[in-house]
Every structure is written in structure tokens, then in C-alpha cells.
1. Mind checking the dipole of region 159-303: about its Cα centre, +1 per Lys or Arg Cβ, -1 per Asp or Glu Cβ, Debye to the nearest 20?
2. Under 1.5 on a/c is rounded, so check that first for region 159-303, then, if it is not, pick prolate when a/b is larger than b/c and oblate when it is not; a ≥ b ≥ c are the square roots of the alpha carbon gyration tensor eigenvalues.
3. Under 5 Å between amide hydrogens, which residues at least 5 positions from LEU212 or on another chain qualify, with H placed 1.01 Å from N in the peptide plane?
4. Under 10 Å from the Cβ of TYR330, count the other residues' Cβ atoms, weight Lys and Arg +1, Asp and Glu -1, and hand me the total.
5. GNM, the chain, Cα, under 10 Å: largest mean-square fluctuation among ARG160, ARG184, ARG109?
6. How would you rank LYS190, LYS116, LYS29, going from fewest to most other Cβ atoms within 10 Å of each one's own Cβ?
7. Quick check on region 198-245: take the gyration tensor over C-alpha atoms, sort the square-rooted eigenvalues as a ≥ b ≥ c, and tell me if it's rounded (a/c under 1.5), prolate or oblate.
8. Go through ALA293, PHE237, ALA269 and say which Cα lies farthest out towards the positive end of the charge dipole of region 159-303; charges sit on Cβ, +1 for Lys and Arg, -1 for Asp and Glu.
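Since every read-out is calculated from the coordinates, none of them should be taken as a lab result. Note that the structure is predicted; figures quoted are calculated from it, not measured. As a convention, Cβ positions derive from the backbone with ideal geometry for all residues, glycine included, and neighbour counts pool all protein chains shown.
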Amino acid sequence: MNETGPVTADGSVPPDLAHARAWIVTDGKAGDENQCIGIAEALGVSYERRRIPKGRPLTWMAPWGPIDPRDAPGRAGGMLEGPLPDLLIASGRRAVPYLRAVRRASGERTFTAFLKDPRTGHDTADFIWVPDYDDLRGPNVFTTLTAPHPVSRARLDAARLTPDPRLAGLPWPRIAVLIGGDSRHLRYRKTDMRRLVRDLTKLAEGGCSLMLTVSRRTPPDLRTALENLVRDKGGFFWDGSGENPYVGMLAIADHIVVTSDSANMVGEAASTGVPLLLFDLPRTYIRHRRMFAGLAMAGALKPFIGRLEALRYAPIDATPTIAAALAEAYERHRQGMTGERTNAPPAPALSPARPPF
């Protein structure tokens with residue numbers, strides 16, 4: 001991405017979206033919302049976050065059901081009140097009916113983009129992004145190895161220029177450790193937690209400075225063991241107080257250890273160009289393993305077994321690429337709605353060919 005916006009594959013700058021009004025529609029899950037924010041920021045658009053209110057009785061029917069009548073587009077006090085946006089970016093199962101409602105109410109003038117498989121077909125939105133490992137394909141479906149995110153090169157550069165004072169004094173080598181937690185796909189077993197703490201202890205005793213952050217999903221026993229590790233061996237453990245050091249940790253890390261339950265964290269880590277060490281958990285989602293295999297083939301990732309690995313690769317960040325494809329699709333949509341003509345050549349298929357993993 002250049003200083004003014006995303007750049008297309010041929011080096012040209014896609015249409016300016018600076019004056020477009022955008023909404024981000026999710027149910028508030030951080031993973032979904034952060035992907036949408038990453039795209040909106042890469043596009044350079046101003047956006048409003050519209051979160052589906054908790055407890056809406058019809059959301060259990062999503063993605064197929066209707067929205068709550070209180071949230072009807074334009075209805076005062078509802079989630080979709082006010083003038084409809086030029087661009088709507090949504091993610092998450094519960095957001096699908098809301099996207100459909102806006103698309104219908106706008107007469108399809110609002111350009112709709114959905115991140116991840118909506119489970120209702122490729123024609124649910126004007127533009128859909130899915131990771132390579134998903135099965136959904138179509139003329140409006142764009143795929144990449146890693147997911148979009150808000151950990152931009154500009155943010156990393158700024159964090160390197162002005163390092164977090166809580167981290168700046170840590171001795172080299174500094175290891176960012178990104179810990180996820182239990183999910184519907186897997187659970188951390190006691191043996192997994194002991195193995196992780198043991199292998200991180202090897203790094204700390206070998207002179208590495210650990211910079212640890214955990215998730216709300218992290219099992220309490222593991223969180224306590226990691227806090228004790230940092231207390232005994234030194235380093236930094238973010239306890240939730242003060243500014244979130246996540247980007248600062250990624251920016252100054254010499255290596256990154258990340259757990260395999262979070263494809264989002266792995267993708268964000270890959271945007272740094274820093275060697276990635278994957279702590280593998282049994283029953284990791286099989287489709288995520290395809291992404292990890294792609295990163296390993298790119299020379300970015302190796303398993304974490306208690307030691308550092310020498311890896312060299314160019315930073316891998318799909319966010320500007322996805323944003324550029326979305327911007328071009330948005331412009332084609334706008335021209336189609338206004339009857340404008342363009343001298344641009346026909347757009348290529350959105351989904352770039354990639355080897356299967």
C-alpha cells in the first residue's frame with residue numbers, strides 16, 4: 001500500500017474512496033470487527049461501527065432469517081438508522097441478514113462486502129473475501145492465503161519509531177508470545193499447557209526476553225503459569241492494564257511464538273516479516289492447517305519446540321491486496337449504477353490461482 005491508498009497488482013492506484021460513507025456491521029466479535037476495520041483503513045474510508053444489539057430474538061435464525069423489525073433500515077433508534085451508506089463491510093453469521101436488509105432497502109445502491117463465507121451463497125454480497133482454504137468460489141469471490149487485519153505497515157513502523165516504554169528496555173532477543181485459548185474447535189489440555197510453559201521456559205533460561213499477551217479465552221491455569229514464568233524469569237506480561245501493547249510487541253519482536261488456535265493472530269504475525277514459531281495444538285482446525293502449510297512453504301513458519309529458528313521471508317500481508325480488489329469492484333458497481341463508461345480493460349477473475357495445501 002502506498003501513502004494514499006491500496007495499489008493494484010499492476011501498480012496503478014484504484015479509484016479514490018475518500019468521500020464514500022462506510023458502515024462496518026458485525027455482532028461485536030473482535031476477530032470479525034478487526035478484519036473489517038483493517039479493510040476500511042486500507043481503503044482510506046471513514047466508517048461507523050454498527051453492532052447488532054445483544055439479545056435480538058431473531059439472530060438465532062442467521063444467516064437465513066430476517067432482522068429484528070426494530071432494526072429496519074432508516075428506522076429511528078434502530079441499528080440501521082440514518083441515511084444508508086455507500087459501502088457496507090460486514091462479517092459474522094449474524095451480520096448476513098442485516099447486510100441483505102441494507103442491500104434491499106438501498107435498491108442495491110449500497111455496495112456490500114462480506115468477509116468470510118456467509119453460508120448463503122456467493123451472490124449474498126457484491127464482494128466476498130474468503131481465505132484460500134475455504135470452499136466458496138464465484139465471480140465476485142476473492143481469496144488470499146492470510147486474512148485482512150488492522151496491523152498495517154504504517155502502524156508497525158510507527159511502533160518501531162516510538163517503542164512502547166514497557167518493552168523498549170528488554171534485552172535482545174525479544175520474543176513476542178501470542179496466546180489464544182479454548183474455542184469450539186479445540187480445548188487446551190493440561191499436557192498442552194505444561195508443554196507450552198516448558199518450551200517458553202527454555203527460551204527464557206536461554207537469555208530471551210518474553211513479551212506475553214493472552215486472550216480472554218486463555219484457560220486461567222495457563223494464564224497463571226505464564227504470569228509466574230515472567231515473574232520468575234523476567235520479561236513482560238500484559239495484565240490488561242494500560243494501553244494494549246500488541247502492535248508494539250509485534251513491531252520490535254525478533255521472533256514470534258503464536259498458538260495454532262488463532263489463524264488471525266498467525267496472519268497478523270506474518271505481516272511483520274519476523275520468524276514465526278507455531279505452537280501446535282491437537283485438533284487444530286484442519287482448514288487452518290492449510291494456511292499454516294502455505295506460510296511454511298513461504299519460509300515464514302516452523303513448529304515451536306523450545307528453540308529459535310532462522311527464517312527469512314518478505315512480510316506477508318493480504319490486507320492491501322484485498323482492499324485494492326474491493327476498491328475496483330466498488331468502482332465497477334458505481335459506474336454500473338450511474339451508467340458511466342470506463343476505458344479500463346475487463347476485470348480479471350477475482351480469485352487468484354493458488355496451489356492446494
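1. On the way: 21 positive and 14 negative charges, 119 e Å.
Taking the Cα centre of region 159-303 as origin, the dipole is about 560 debye.
2. Numbers: a/c = 1.60, a/b = 1.19, b/c = 1.34.
Oblate shape, in that a/c is at least 1.5 and b/c is the bigger or equal ratio.
3. VAL177, PHE236, PHE237, TRP238
4. Surrounding charge for TYR330 is -2.
5. ARG184
6. Details: LYS190 10, LYS116 19, LYS29 15.
Going from least to most buried by this count: LYS190, LYS29, LYS116.
7. Values: a/c = 2.24, a/b = 1.39, b/c = 1.61.
Note, shape of region 198-245 comes out oblate.
8. Final value for the positive-end residue is ALA293.
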